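Just so it is clear, none of the values below were taken in a lab; they were calculated from the coordinates. Quick caveat: nothing in here was measured; it's all calculated off a predicted structure. Please note: Cβ atoms are built from the backbone with ideal geometry, for glycine as well, and neighbour counts cover all protein chains shown.
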Amino acid sequence: MNLSRCYTIADLQRSAKRTLPKMIFDFIEGGAEEEATLRRNRSVFSEITFQPQYLRDVSNRSVSTTIVGTRVGSPLIVAPTGLHRIIHPDGELAVARGAAEAGALMIAGGFSSYTLEEIAGASSGPLWLQIAPWRDRDVVMGLVERAHRAGVLALCLTVDTPVVGLRERDLRSGVKLPLEPTPTQVFDALRHPRWLARWLGARDLEFANFRSLRRAGGERGAGSMAHVTHDLIDPSKTWEEVRWLRNVWRGSLVIKGLLRTDDARRAVDEGADGIVVSNHGGRQLDGAPPTLEMLPSIVDSVGDSVEVFLDSGVRRGTDVVKAIALGARACLVGRPFLYGLAAAGQAGVTHSLSIISNEVDRVLALVGVSRLDQLDRSLLRVPSEWGITSSPVSTDTPVPEHAEEGFD
Ligand SMILES: Cc1cc2nc3c(=O)[nH]c(=O)nc-3n(C[C@H](O)[C@H](O)[C@H](O)COP(=O)(O)O)c2cc1C
């Protein structure tokens with residue numbers, strides 16, 4: 001794969017589509033039900049435009065920042081997604097190395113296809129672990145202890161999955177674990193020899209963190225999709241789970257999947273260090289709002305008490321700059337790095353993150369600031385129906401000649 005000819009995330013997406021069997025591409029790409037939220041996740045970003053300011057010295061720029069106390073070289077976070085080996089045999093190991101090379105923090109998915117320890121050992125980059133309020137606290141506790149030993153900095157608790165969203169593309173393609181390919185799927189795989197060659201050399205696909213449970217559980221063990229959907233996920237869980245986790249985990253805690261101000265404030269009250277405004281990339285509730293629209297009120301409701309992150313639909317540097325100007329600390333990306341992984345393994349992951357980071361750097365210059373912490377709402381034009389104040393850049397207050405930085 002000639003990555004130098006992939007200039008945008010859309011280029012990498014096309015490459016991934018060519019490389020992967022349709023069933024696998026659709027598993028990554030798809031959203032819930034009619035995919036209305038999935039579509040809005042993209043279109044919402046163009047509802048906001050910029051009010052750039054010029055003749056500021058933007059010659060010396062940086063896209064580095066701190067994320068819950070960790071210095072990182074990029075405002076992008078690798079979102080937790082499961083089963084990377086379904087895309088490339090190096091799976092999460094390639095993602096960990098690729099993210100570290102791009103200066104980005106990685107959130108390992110609990111449903112990873114390599115173990116947490118293997119992922120932590122693959123790179124020295126900052127690592128968080130995603131978990132969920134699973135039914136069995138012993139299972140969660142086991143991962144909490146492993147996370148502690150593996151040097152994981154934060155736990156990311158995903159709360160928007162009391163049940164799995166209805167992903168109709170997956171129903172139609174029949175993708176499931178263990179993979180028991182139908183004749184149509186075999187034909188699909190044969191038409192994608194690059195993926196097939198990688199796949200044939202790979203070991204069994206499984207939810208590696210739950211391997212030991214599978215052995216105990218026999219056929220319908222914790223490594224299988226059936227176990228995950230039926231046995232692990234527990235729709236009866238409440239905020240009590242957050243309180244329990246806060247007590248047993250001494251590292252940072254980030255709650256992922258919030259879309260309301262009252263839930264955000266509750267997360268703060270329960271001791272979270274960060275929240276991710278997310279609709280799970282449009283894969284859970286179809287009809288959930290686009291996250292960018294919910295971000296300002298959530299940021300305002302929690303003030304400086306926690307860091308707020310955003311995901312779902314981020315594909316461009318302009319998207320990241322808009323989110324940060326509205327108060328996000330950084331953005332998570334899901335599908336973009338998965339496209340990169342499909343296109344070219346580790347190098348593809350780095351390339352996908354670098355594309356967006358380089359765009360962020362350029363956009364900073366074009367809106368007239370040098371650092372991410374200089375972004376604010378005055379640089380944006382936000383539709384009035386969003387109900388937030390986007391104070392216009394002052395045109396009648398000249399920047400004093402002696403000011404070192406004219407961005408206040
Ligand atoms: C293939 C795939 C698998 C995912 N698996 C998980 C998961 O196991 N846990 C989780 O919290 N989020 C999961 N997500 C959601 C991502 O963490 C993230 O919220 C979403 O991908 C962001 O949207 P984007 O793909 O438009 O960037 C998954 C997303 C995709 C695309």
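Longest segment of the chain with no trypsin sites (Lys or Arg not before Pro) in a DSSP loop having at most 11 other Cβ atoms within 10 Å? Walk me through the intermediate numbers first.
Details: sites that count: ARG191, ARG203, ARG250.
Longest site-free region, per DSSP loop and neighbour criteria: 1-190.
Contact order normalised by length for the stretch 19-150, with contacts defined as Cα pairs under 8 Å and 6 or more residues apart; what percent is it?
That works out to 17 percent.
Calculate, in nm to one decimal, what LEU171 and LEU55 gain on full extension: separation in residues at 0.36 nm each, minus their alpha carbon distance. List each step's numbers first, then the result.
On the way: separation 116, 0.36 × 116 = 41.76 nm, distance 5.44 nm.
Result for the pair: 36.3 nm of gain on full extension.
If you rank GLU47, GLU240 by fewest surrounding Cβ atoms within 10 Å, what's the result?
On the way: GLU47 16, GLU240 10.
The most exposed by this proxy come first: GLU240, GLU47.
So between THR66 and ASP269, what do we pick up on full extension, going 0.36 nm a residue minus the alpha carbon distance?
70.8 nm
Can you pull out the chymotrypsin sites (Phe, Trp or Tyr not before Pro) in the stretch 31-131 whose DSSP state is coil and whose Cβ has at most 11 other Cβ atoms within 10 Å? Before the final figure, lay out each step's value.
Numbers: sites: PHE45, PHE50, TYR54, PHE111, TYR114, TRP128; in loops: TYR54, PHE111, TYR114.
Those that pass, being in a loop and sparsely packed, are TYR54.
On full extension of the chain, what length is gained from LEU196 through SER124, given 0.36 nm per residue of separation minus the C-alpha to C-alpha distance? Present the calculation step by step, with values, prior to reporting the outcome.
Details: separation 72, 0.36 × 72 = 25.92 nm, distance 3.05 nm.
Fully extending the segment from LEU196 to SER124 adds 22.9 nm.
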